[in-house]
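The values are calculated or read from the model by the stated rules, or taken from the named source; none is laboratory data. Everything numeric here is computed off the predicted structure, so don't read it as measured data. Don't worry about glycine lacking a Cβ; one is built from the backbone with ideal geometry, like all the others, and counts go over all protein chains shown.
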């Protein structure tokens, strides 16, 4: 018998059906895949293990469940016991900006709470994080939400940040619409690299206005965007976060009709104590702001 088939059968029997098993699996797997592998298990045994509708175990299925349940049912306890002898490991995926500017403040309380905490950090984008989570390569991801995540991933919405433009205090521009009305925008745009979510959302919004405005100055942080606007290098693209955009020489312009950045945390299945603690700290940090 295929051991993976037995694991899937354990979840099907425990939760009373294939669709319910899929919702409780500790890793991502599609319902058709489970159905196909259950049929394969029954064919290998030459026995029917359960009735699909309404769900019930056959005598052979009940006997097999009684055999596999002690092993698969105790995996969590054994894992927790073994991990208790080693330093806890937290594997996190996030954008480079989150890892550089925000994650150290989120994880600091955890380093005091979990002794000898080890960290593995990977940068990427939402599609990368979804694949890594499903392959159990990371434990949690903190990312701008660019599309609805798969149903098999859990999602905690942390914060929405509206996009804004930053102009020098002495600039005569009072609204973004004044910029869109220009035949040609001569003032350089100061922004993060084009791969960042804020830039992709901004380009989507520009398309609605039929405006082409490529960056003239590219920086590595939103704080630097504000700094260069204050020093007269152009108009900056930022988010409406006072701690980032507040400057005596900078004025903030609202961007009407542009989608905000929504920061979320993604994970699979029931979070461990360590992942749960990280989610709580991320939510607290998002509520308080940088």
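Observations, loosely collected:
- Looking only at residues of the range 1-46 that are more than 20 Å from residue 154 (Cβ to Cβ), in contact with a helix residue (DSSP H, G or I) (Cβ under 8 Å, 6 or more places away or on another chain) and not in a helix (DSSP H, G or I), we find that the one that is modelled with the lowest pLDDT is 1.
- The condition of being outside any helix (DSSP H, G or I), over 30 Å from residue 129 (Cβ atoms), in contact (Cβ under 8 Å) with a residue 12 or more places away in the chain and not assigned by TED's automatic domain parsing to the domain that holds residue 118 does not hold for residue 64.
- Assessment of the range 164-185 against the conditions (out of contact with any helix residue (DSSP H, G or I) (no Cβ under 6 Å at 6 or more places or on another chain) and under 25 Å from residue 285 (Cα atoms)) yields at least one matching residue.
- Within the range 79-87, the presence of a residue that is surrounded by 13 or more Cβ atoms within 10 Å (Cβ to Cβ) and either touching a residue at least 40 places away in the same chain (Cβ under 8 Å) or more than 30 Å from the chain's Cα centre (by Cα) (or both) is excluded.
- Residue that is nearest to the chain's Cα centre (by Cα) [pool: residues in the range 104-128 that are assigned to a helix (DSSP H, G or I) and farther than 14 Å from residue 92 by Cβ]: 126
- Criterion: closer than 20 Å to residue 268 by Cα and in contact (Cβ under 8 Å) with a residue 60 or more places away in the chain - qualifying residue of 101, 139, 128: 139
- Against the list (1) outside any helix (DSSP H, G or I); (2) over 29 Å from residue 127 (Cβ atoms), the condition residue 91 fails is (2).
- Taking the range 224-238 as the range and being surrounded by fewer than 21 Cβ atoms within 10 Å (Cβ to Cβ) and touching a residue at least 60 places away in the same chain (Cβ under 8 Å) as the test, the residues that pass are 230, 232.
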